[in-house]
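Undergrad: Okay, here's the structure, questions in a sec.
FYI, it's all coordinate maths here, none of it is from the lab. Given the structure is predicted, the values throughout are model-derived calculations rather than measurements. Don't worry about glycine lacking a Cβ; one is built from the backbone with ideal geometry, like all the others, and counts go over all protein chains shown.
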Number of protein chains: 2
Amino acid sequence: MSLAHALLTSLLEQPSSGYQLARRFDKSIGHFWRATHQQIYRELGRMEKAGWIRSEPDPDAGRGRKRSYSVLPAGEAELMRWAGESAPLTELCDEFLVRLRADAVIGPLGLGPELERRRALHADKLRAYHAIEARDFPPGAEGSRQRRIHHLILKAGIQYEAGWIAWYDEALAALALDGPGEGKPQARCADRGR
Amino acid sequence: MSLAHALLTSLLEQPSSGYQLARRFDKSIGHFWRATHQQIYRELGRMEKAGWIRSEPDPDAGRGRKRSYSVLPAGEAELMRWAGESAPLTELCDEFLVRLRADAVIGPLGLGPELERRRALHADKLRAYHAIEARDFPPGAEGSRQRRIHHLILKAGIQYEAGWIAWYDEALAALALDGPGEGKPQARCADRGR
DNA sequence: TCCGACTATGCAACCAGTTGCAGCACTGTA
DNA sequence: TACAGTGCTGCAACTGGTTGCATAGTCGGA
């Protein structure tokens, strides 16, 4: 598991509260790592107990029970240790491919619209990533090592989405060969007589 | 969750025992959906209770306590229902990108060799996929709808691996700009004085 | 005949992630 | 002053996945 380490990284970049972390995870880091606020609070508790981070109640006063977390040397050492470890690859694991395979076994189920929908969602994400890239990494500017790495990470997202878009295009073309009947699952199911 | 549906699909393609399913998951379906034998046995139990599948003890006799599972009409109906549902996209979620980002915050940690290693693993997988493609989907042959879909699924894997390889090449090039010092984490960490 | 390797199934405990809900503090507005 | 909205934290229950271990039959070889 590495949610703790994702949080350490995020806190090093910017000490914040659990809530802020949760919101941040909807943006930058959240592009490639997900967590709910529940997970984050629980994990912050553990990390504090482990001596990796420390919290102080309410630094910029007034705002409720807010606690701000920051990384202790032990946490930084742990992050350094962990970052150097080698980890297995994240394997391709996509529910939709299972659906496609099911479609192959039990006859055309009219997945065309769903393919279109998914392609469009990927295209939305790609557009969003490109917008971030245009804003934060203008061409020509060299940038620090840190900026180069952040750009690299963004490019991983771009590459990922672009790859899927290309694949969905191919899939749509391949399934279009079935002809117009592909859009009518009921009729085809009846054909199979079950 | 959709392990149950992956199992239904797999059982429709070929009725088999839990153990065989587990081994099959190391191959075809396992390229994009993972499951341990524990998960599979537990799930088969649930599915049988739900009336989606039925089991008979030891059809091709002699072999231990082996049970063979096959899909019932209710299971096929359920699979059909599920395959038509729309599901959220699988998002990019990669631990290594967190490590990279940690490297950006706490200075060069010498991730070069790990990048190389990961690139090589992706290349291995890509080679394996290409071998399967050459064997099962020779160019020129048209093939049935089912074969076209299976090819499509394989191509998703190929596209995925090829994308990562391209990205790792880019990453290696981008981090090489740091010069030879990048491979010596200790020295650089000391530089930072913590 | 015993032993180790492999096929095959399963229990129990644990861990991570999700969901639903509740509570409290503050802010703006009616 | 009351009330709705939102920032912020948290408990409790559940689900899915992992790990470690136990068992039992079968087969081939020393």
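Undergrad: Specify the residue with the greatest mean-square fluctuation among B:68, B:144, B:16, computed from a Gaussian network of chain B linking alpha-carbon atoms under 10 Å apart.
TA: Comparing B:68, B:144, B:16 in the GNM, the peak value goes to B:144.
Undergrad: Next question, about the same structure. For chain B, with a Gaussian network of springs between Cα atoms less than 10 Å apart, report the residue from B:137, B:96, B:25 with the top mean-square fluctuation.
TA: B:96
Undergrad: Return the Cα extents of the protein assembly as shown along principal axes one, two and three, sorted largest first, each rounded to a whole Å.
TA: Per principal axis, max minus min of the Cα coordinates gives 72, 46, 45 Å.
Undergrad: Distances from residue B:19 to the same residue in each other copy, label points 7 Å out along Cα→Cβ, in nm, shortest first?
TA: 5.6
Undergrad: So, one more: Let me make sure I get this right: for chain A, a, b and c are the square roots of the gyration tensor eigenvalues over alpha carbons, sorted descending. Under 1.5 in a/c it's rounded, otherwise prolate if a/b > b/c, else oblate. Which is it?
TA: It is prolate, given that a/c is not under 1.5 and a/b is the larger ratio.
Undergrad: Output, in nm with one decimal and in ascending order, the distances from the residue A:172 label point to the matching label points of the other copies (7 Å from Cα along Cα-to-Cβ).
TA: Values, ascending and in nm: 3.5.
Undergrad: Separate question: Residue of A with Cβ nearest the axis relating A to B, plus distance in whole Å?
TA: A:163, 2
Undergrad: For residue A:72, which sequence-distant residues (separation of 5 or more, or a different chain) have an amide H within less than 5 Å of its own amide H, given hydrogens modelled in the peptide plane?
TA: A:53, A:54
Undergrad: Of A:161, A:43, A:142, which is the most mobile in a GNM of chain A whose springs link Cα atoms less than 10 angstrom apart?
TA: Answer for the Gaussian network model of chain A: A:142.
Undergrad: In addition: Shape of segment B:108-163 from its Cα gyration tensor (a ≥ b ≥ c, root eigenvalues): rounded if a/c is under 1.5, otherwise prolate when a/b > b/c, or oblate?
TA: prolate
Undergrad: For the pairs A:125/B:27; B:125/B:155; A:27/B:125; B:27/B:49; A:27/A:125; B:27/B:155, flag any whose C-alpha to C-alpha distance is greater than 21 Å. Mind dumping the intermediate values first?
TA: Values: A:125/B:27 31 Å; B:125/B:155 12 Å; A:27/B:125 31 Å; B:27/B:49 27 Å; A:27/A:125 12 Å; B:27/B:155 15 Å.
Long pairs (Cα-Cα over 21 Å): A:125/B:27; A:27/B:125; B:27/B:49.
Undergrad: Shielding of B:153-162 by partners, i.e. mean partner chain Cβ atoms within 10 Å per residue?
TA: Across the residues of B:153-162, the mean count of other-chain Cβ atoms within 10 Å is 5.
Undergrad: Once the label point is placed 7 Å from Cα along Cβ, list for residue B:145 the distances to the corresponding points in the other copies, in nm, shortest first.
TA: 5.7
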